[in-house]
Structure formats: C-alpha cells, structure tokens
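Asker: Would you mind keeping the following structure in view while I ask a few things?
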Amino acid sequence: MFSTGKGKPDKLGVTYSKNGANFCVYARLAQCVKLLFFKNKDDLVASNTFELSSGDNRTAYYWHIFVAGVKPGQLYGFSVTGPYRPHKGTAFAPEKVLLDPYGLLIERGDNFSREAAIGEGSNIAQCLKSVVVDIDDYDWGNDTAPRHSFANTVIYEMHVGGFTRHPSANIDSNKRGTYAGLIEKIPYLKALGINAVELMPVHQFDPSEHHAGLVNYWGYSPLSFFAPHREYSSDKSVLGPINEFRDMVKALHAAGIEVILDVVYNHTAEGDETGPTFSLRGFDNDDYYILSADGQHYMNFSGCGNTLNGTHPVVRRMIIDSLHFWVEKMHVDGFRFDLASILSRDEQGVPMLSPPTLRSIDTDPILASVKLIAEAWDAGGLYQVGSLAGQRWREWNGYFRDDVRCFVRGDRGMVNKFAARLISSPDIYGEHHFEPEKSVNFITCHDGFTLNDLVSYNEKHNFANGESNRDGCDHNFSWNHGIEGQTADPQIIQLRRQQIKNMLVITLLSLGTPMILMGDEIAHSQQGNNNGYCQDNPQFWFDWGKIEENSDLLRFTKALIKHRTAVSVNETLRYSLHDIIAQSALKWHGVKVNQPDWSNTSHAIAMESCHPHFSTVSYVIFNFYWEELTFELPASPSGEWLRILDTALPPGEDIYIDGDKKEWVSHEYIAAPRSVIVLIG
C-alpha cells in the first residue's frame with residue numbers, strides 16, 4: 001500500500017497532502033527511529049513498520065520520512081532507540097510506542113493501559129496512537145472572531161464535560177458532556193450575558209490517570225498540546241473531535257462569545273521518574289524536562305511530578321507552534337496559562353528577569369490579536385502577580401480573590417486593600433501604568449470553593465478524594481455564617497444568599513476584567529470540597545435542575561452583567577482609573593461625605609465616581625459592618641439618586657431591571673448590615 005521517500009525536516013508533526021504525508025520528529029540523541037502504523041485502535045501489533053535511515057531520513061536533530069498513500073485517520077506511533085546515559089538524563093525506551101508530540105488527534109483503544117507505559121517491557125498491545133489529520137479539510141464559512149476588548153469582556157470559566165453531563169441538561173444522552181452539548185446550551189450563555197468562555201483544559205489528557213480509584217476530571221495533565229480531548233466529542237469517529245470542536249467554536253462566535261483555552265504548558269502526563277513514557281520522555285528527556293543535577297529526577301515546580309523545560313529553544317518553539325495551531329486552525333480567541341510563572345524559569349529552574357518564552361509569546365505577531373491571561377504563580381513558591389514579564393499579559397489577580405474574601409467576611413484591617421482591589425489594584429499595577437483590565441478579577445474559580453460553599457463552610461471537606469482531606473487549599477478565607485454546611489435556618493440562608501450577591505457585585509462592577517465560575521449564578525455547591533480534580537460525578541457537574549429553585553439569583557446575575565455593560569456603571573468606573581490623578585474623578589466617602597474611615601476597625605466605605613465624558617455619577621456603598629449604617633449622600637447632578645441595586649432587599653427588589661418602578665433617594669441612605677448599594681446620578 002505504501003511507498004516511502006526521504007521526507008523533509010521543515011515542519012514538525014504530520015504534513016498531509018493528497019499524495020501522502022510527511023512525518024517529522026525532533027530526537028537529538030536518537031540512534032534509531034521507527035514509524036509504526038496501525039489499522040485499528042485495538043491492534044496488538046503494528047501493521048507496518050518503517051525504519052528511518054540516519055543517512056536519508058535525518059537532518060541535524062530531526063528525523064523525517066514521506067509515506068505515500070497515507071489517508072486521514074491513519075493511526076501511527078514511534079519507537080526511538082538512543083544511548084543509555086542515566087547520569088545525563090536520557091530515558092530512551094525503544095519498547096514503548098510514543099505519541100507524536102505534534103499529533104493532532106490521539107486514539108485510545110479499549111485495551112489501553114497506563115500501567116503498560118510504566119517501567120520495562122513493551123506496551124505496543126496497549127498503547128495510545130496518534131492520528132493523521134487533514135487539518136485544512138473544514139468549512140469555516142463566514143466565521144468571525146468577536147474580538148471583544150478586555151474592558152468589555154465578562155469571562156465564564158467552565159468545564160466542557162461538567163457543563164452538560166448532568167441528566168438534567170435535557171439534551172440527547174450522546175451529547176451530554178461534549179462540545180456538541182455545549183453548543184446546545186449557547187442560548188443559556190447568551191441570556192446570562194457573558195461574552196467569553198474560558199474552557200478548562202481541552203488538550204487531550206488521560207482520564208485513567210487517577211488516585212484512590214478515581215479519575216482525572218479537570219484535565220490538567222496533557223498528553224498533547226495540539227490534540228483536542230477525544231472524550232469530549234459526541235462524534236466517535238476517528239477524526240470526529242477536530243471538527244466537533246470547530247463546530248463549537250463557530251457556534252459560539254456566531255453568538256458573539258469568545259473561546260479562551262486553559263492551557264497547561266508547565267508539565268505533562270508523564271509524571272516523575274516512576275511515571276509512564278508516553279511521548280516527550282522517549283524522544284529527548286533532557287531537553288523537554290527540567291531535571292535535577294544528577295539527571296535522575298524531575299524538578300517539580302508544577303506540583304504534578306515534572307516540569308516542562310519551557311525555556312529550551314525546541315520546547316519554546318513547540319509551545320509557540322501549539323498556540324499558532326489553536327489560533328490559525330481552530331480559531332480560538334485567547335489562552336489562560338496555567339502556572340504561567342514556570343515559563344519564567346531557566347533550564348535549571350531559576351527564575352529569570354527576562355524569560356524568552358514569555359517574551360516570545362508576548363510579542364508574537366500571530367498572537368497579537370488574541371487574549372493572553374496568566375496564572376502568575378507556580379507550585380514552587382514563585383508568585384509574580386504584578387511582575388510577570390511582558391506588557392500584553394493579563395493576570396489572574398490572586399490578591400483580589402483573597403482581599404475581597406477577607407473584607408466581605410468582616411476581617412479587620414482590610415478596608416485599604418479592598419478599596420485598591422475595587423479600582424484594579426493600583427498598588428500592584430499602577431507604577432507600571434497598565435490599563436485597568438490588566439487585572440482579571442475573580443473570587444472563585446475551578447480551584448477552590450464555589451461561591452455557595454465559600455459562604456457555607458469554614459473548612460474544606462475533601463474526604464471523597466481519598467487523600468484523608470490533606471489535598472486542597474487550607475487557607476480559603478471562607479465563613480459559614482454560623483453553621484457548617486447545609487442548614488434550614490432561614491436567617492443564615494438569607495445572609496448567605498446576600499453575601500453571594502455581594503461578591504457577584506464586587507466582581508462584576510470592579511475595575512478590571514471580571515471572571516465568574518460556572519454554576520455560581522445558580523448557587524452550585526460541591527458540599528465543601530475545594531479540590532474536585534478527581535470528582536467526575538453529578539455533585540460536581542452543572543445541575544440544570546437548580547435553575548428554577550435559584551431563579552432569583554440567576555435573575556440578579558443576569559441583570560448585574562447587563563448593568564456592567566451600561567454607561568451608567570461600567571464606563572463610569574472604567575474611565576475613572578485613568579483620571580484619578582489627572583481629574584480627581586474618584587472620591588472616597590464614609591458615613592459622612594468626604595470622610596472615609598481608613599482605620600483598621602473600618603468595615604465600610606463608599607465610592608463616588610464621575611464619568612469624565614458624561615454627566616453620569618455613580619455612588620457605591622459597601623457596608624460589611626454587622627449593623628446598619630446611615631450614609632450621608634453627596635449632591636447628585638440631577639438632585640436625586642436612582643437606586644440600581646441593594647443586595648439586602650428581597651428578590652425582585654434587589655436590582656433594577658428596565659421597566660421596574662424607579663426608586664429615588666436624595667440626602668441619605670440606610671445601608672443594611674453586610675450589603676452593597678449602587679446609586680446613579
């Protein structure tokens with residue numbers, strides 16, 4: 001069936017053409033490379049083996065071969081032999097079938113075994129297989145990227161599988177938990193008002209990677225930086241996931257919603273020295289990973305067993321090529337980089353002042369129009385919020401999360417920090433003259449408590465993870481409001497709901513780019529588990545049946561997002577940061593006008609913001625004291641203030657929606673305990 005030629009080294013991975021396909025891999029120290037073909041995903045042996053010649057099929061560090069007659073859907077892998085140099089960090093395992101580091105799809109047979117990829121012995125009968133793809137065989141039609149500015153973006157962090165996997169999703173069972181299932185729920189996202197989804201990892205990962213008999217649910221352990229996760233596809237054909245993912249992107253774009261991918265360029269599923277050999281380890285262990293000085297162990301700045309050597313030129317190019325692929329061929333709109341600070345470490349793991357990988361991504365012309373968001377810390381203790389290298393990076397603001405949580409629960413000495421978080425953290429970003437949207441503001445994310453659990457639990461409850469409750473963060477700055485977990489006490493229930501609304505208001509009306517967590521808008525609970533990485537079950541999925549019983553909170557969230565996009569609130573606050581110094585557009589007040597209380601015992605502050613181009617003025621009261629306070633109001637341009645929201649009021653009265661009766665106030669406002677009020681003049 002097949003004939004072979006020398007091939008070319010100019011492009012890594014598979015380059016498909018109507019005549020066949022060019023295969024190219026980087027294997028610097030390899031002595032022998034074999035390309036293996038398989039007919040079916042469960043084949044026990046290779047159907048064809050092509051041994052590459054070091055003379056004809058090698059150029060410098062690159063091994064390449066052209067195989068005529070190859071068609072899309074062809075399954076393949078590699079076997080690589082190299083010198084035994086354990087003290088130099090080599091880890092060649094010619095008995096293992098290796099995935100193509102640039103492979104665009106991965107097929108997992110029913111006989112796949114993760115354990116077979118560990119230790120000695122062949123795994124050919126139980127291996128993962130890469131798939132040949134004609135990546136240009138897709139009709140994008142008139143797909144157009146929404147290109148929302150960060151100033152006008154509201155991000156919804158979500159899990160592709162968990163969003164529609166629950167039986168209550170009321171969609172075809174074969175679509176639940178898939179890209180196609182997400183398409184079915186676009187009307188919900190559109191009605192909610194968000195305009196960007198941040199998808200937890202969709203790079204192919206191994207669900208069978210587990211602890212205590214559980215599964216990998218979150219997906220933060222990639223097998224590939226190019227292949228979309230097959231298990232999220234309802235199309236079970238060998239080429240199905242590529243096009244179903246693109247169908248999802250195209251449908252989201254048509255609804256005006258951007259697609260941001262959570263990418264994990266800091267480690268892989270190969271783990272530490274006791275882990276499986278799937279791909280990179282078998283091609284060039286020393287180049288792809290940061291190793292210890294003796295070459296025997298992996299530096300673990302990721303907390304997941306190994307650390308990708310992101311500064312190495314070949315790895316840096318692989319990361320850039322991956323980003324280009326997802327932008328150019330899959331039309332995604334941005335990336336959130338998990339543990340991005342790892343990419344600032346050199347090949348020995350030492351932080352650099354000007355890391356080439358972060359700088360390369362920051363200045364790359366193909367990436368110039370997409371969103372770049374960094375989780376600016378790593379598991380090795382590096383915390384770079386406000387100091388990550390590069391101008392275009394936006395950052396998950398961990399200070400916002402922690403300081404807002406502390407102020408809302410009533411901690412002492414937080415009013416100054418809270419005020420800074422409201423106006424995009426000038427104490428962190430101001431001296432660099434960044435725009436306010438540098439800060440991605442969030443209070444909850446996949447990692448930690450949901451918003452409902454944040455107000456319902458003092459302690460984490462992770463025993464279901466099988467790690468004796470040792471996993472997950474111990475410092476949550478949460479408050480159960482008197483009873484741990486669920487309660488029937490109506491006063492506690494009411495106060496918890498009010499606190500949820502308070503934190504939604506703070507997130508969505510603060511300067512910066514807001515992000516909310518999937519399910520927070522319907523009070524989703526994980527029963528106090530703050531580390532659901534291994535919990536693929538209904539308790540951790542979006543429960544569509546909760547929408548009706550939490551319709552008041554959903555209504556509030558929708559209206560709040562809508563108000564953010566209104567000139568009266570969002571634009572007033574956004575412009576004010578630029579004009580704080582030049583125009584004194586922002587004023588702070590206390591219970592008395594122009595008399596803010598900045599003392600350590602203060603639990604309340606009011607903010608007045610004047611739009612520099614319009615006559616609109618907003619006045620926001622934050623009362624997190626445990627008693628009501630009467631706030632004297634400054635003069636309104638129109639003589640009266642329109643109340644937009646008051647989180648202490650009952651549902652239906654707590655937020656103004658067009659068509660509601662307008663409530664006007666003039667000289668003072670009585671703020672209930674633990675409440676937020678927004679007035680517009």
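Residue-wise test of (1) touching a Ser or Thr at 6+ places or on another chain (Cβ under 9 Å); (2) buried (at least 17 other Cβ atoms within 10 Å of the Cβ); (3) among the β-branched types (V, I, T).
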| residue | (1), (2), (3) |
| --- | --- |
| L339 | yes, yes, no |
| S344 | yes, yes, no |
| T363 | no, no, yes |
| I366 | no, no, yes |
| Y383 | yes, no, no |
| A389 | yes, yes, no |
| W393 | no, yes, no |
| R405 | yes, yes, no |
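Asker: So, in region 323-337, of the ones that are of a type outside the set (D, E) and closer than 22 Å to W218 by Cβ, which residue ends up surrounded by the fewest Cβ atoms within 10 Å (Cβ to Cβ)?
Answerer: Of everything passing the filter in region 323-337, M330 is surrounded by the fewest Cβ atoms within 10 Å (Cβ to Cβ).
Asker: Of these, E437, E459, which one is over 21 Å from F624 (Cβ atoms) and part of a helix (DSSP H, G or I)?
Answerer: None of the others qualify; the one that does is E437.
Asker: Being at pLDDT 95 or above, under 19 Å from V264 (Cα atoms) and not assigned by TED's automatic domain parsing to the domain that holds N502 is the requirement here; does M318 meet it?
Answerer: So M318 passes the test.
Asker: So, of the residues in region 222-239 that are among the polar types (S, T, N, Q) and more than 19 Å from the chain's Cα centre (by Cα), which turns out to be nearest to G109 (Cα to Cα)?
Answerer: Taking the candidates together, the pick is S237.
Asker: Of the residues S322, S341, only one is among the hydroxyl-bearing types (S, T, Y), out of contact with any Asp or Glu (no Cβ under 9 Å at 6 or more places or on another chain) and in contact (Cβ under 8 Å) with a residue 12 or more places away in the chain; which?
Answerer: S322
Asker: Within the group P72, P9, which residue is in contact (Cβ under 8 Å) with a residue 24 or more places away in the chain, part of a loop (DSSP other than H, G, I, E, B) and within 28 Å of P313 (Cβ to Cβ)?
Answerer: P9
Asker: OK, next. Identify, from the list E95, E120, E115, the residue that is surrounded by 14 or more Cβ atoms within 10 Å (Cβ to Cβ), under 22 Å from Q296 (Cα atoms) and of a type outside the set (A, V, I, L, M).
Answerer: E95
Asker: So, one more: What number of residues within region 213-243 satisfy the criterion of being surrounded by fewer than 23 Cβ atoms within 10 Å (Cβ to Cβ) and not in a loop (DSSP other than H, G, I, E, B)?
Answerer: Qualifying residue count for the region: 4.
Asker: Just to check your reading of the model, which residue among F112, F163 is assigned to a loop (DSSP other than H, G, I, E, B) and either in the same structural domain as T507 (by TED's automatic domain parsing) or touching a residue at least 40 places away in the same chain (Cβ under 8 Å) (or both)?
Answerer: One residue alone meets the criteria, F112.
Asker: Looking for whichever is out of contact with any Asp or Glu (no Cβ under 6 Å at 6 or more places or on another chain) and modelled with pLDDT under 95 here; the options are A368, A389, A379. Which one fits?
Answerer: Result of the check over A368, A389, A379: A389.
Asker: Another question, if that's okay. Is at least one residue of region 267-283 more than 26 Å from K34 (Cβ to Cβ), touching a Cys at 6+ places or on another chain (Cβ under 8 Å) and crowded, with 22+ Cβ neighbours inside 10 Å?
Answerer: Yes; the residues of region 267-283 include at least one that is more than 26 Å from K34 (Cβ to Cβ), touching a Cys at 6+ places or on another chain (Cβ under 8 Å) and crowded, with 22+ Cβ neighbours inside 10 Å.
The rows are residues; the columns are (1) in a helix (DSSP H, G or I); (2) over 21 Å from the mean Cα position of the chain (by Cα); (3) under 20 Å from T144 (Cβ atoms).
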site	(1), (2), (3)
V314	yes, yes, no
S322	yes, no, no
F325	yes, no, yes
H331	no, no, yes
F335	no, no, yes
S341	yes, no, no
Q348	no, yes, no
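Asker: Also: Among A169, A180, which is crowded, with 20+ Cβ neighbours inside 10 Å and over 21 Å from D520 (Cα atoms)?
Answerer: The match here is A180.
Asker: Could I ask something else about it? Here are I500, I483, I492, I506: which of them is free of Cβ contacts under 8 Å to residues at least 24 places away in the same chain, out of contact with any Phe, Trp or Tyr (no Cβ under 6 Å at 6 or more places or on another chain) and assigned to a helix (DSSP H, G or I)?
Answerer: Step by step, each of I500, I483, I492, I506 is checked, and only I492 is free of Cβ contacts under 8 Å to residues at least 24 places away in the same chain, out of contact with any Phe, Trp or Tyr (no Cβ under 6 Å at 6 or more places or on another chain) and assigned to a helix (DSSP H, G or I).
Asker: For region 177-194, what are the residues that are closer than 10 Å to A255 by Cβ, touching a helix residue (DSSP H, G or I) at 6+ places or on another chain (Cβ under 7 Å) and basic (K, R)?
Answerer: none
Asker: Yes or no: T4 polar (S, T, N, Q), more than 36 Å from the chain's Cα centre (by Cα) and either part of a loop (DSSP other than H, G, I, E, B) or over 28 Å from H229 (Cβ atoms) (or both)?
Answerer: Answer is yes for this residue.
The values are calculated or read from the model by the stated rules, or taken from the named source; none is laboratory data. Not measured: the values here are computed from a predicted model. Cβ: placed from backbone, ideal geometry, glycine included. Neighbour counts: every protein chain shown.
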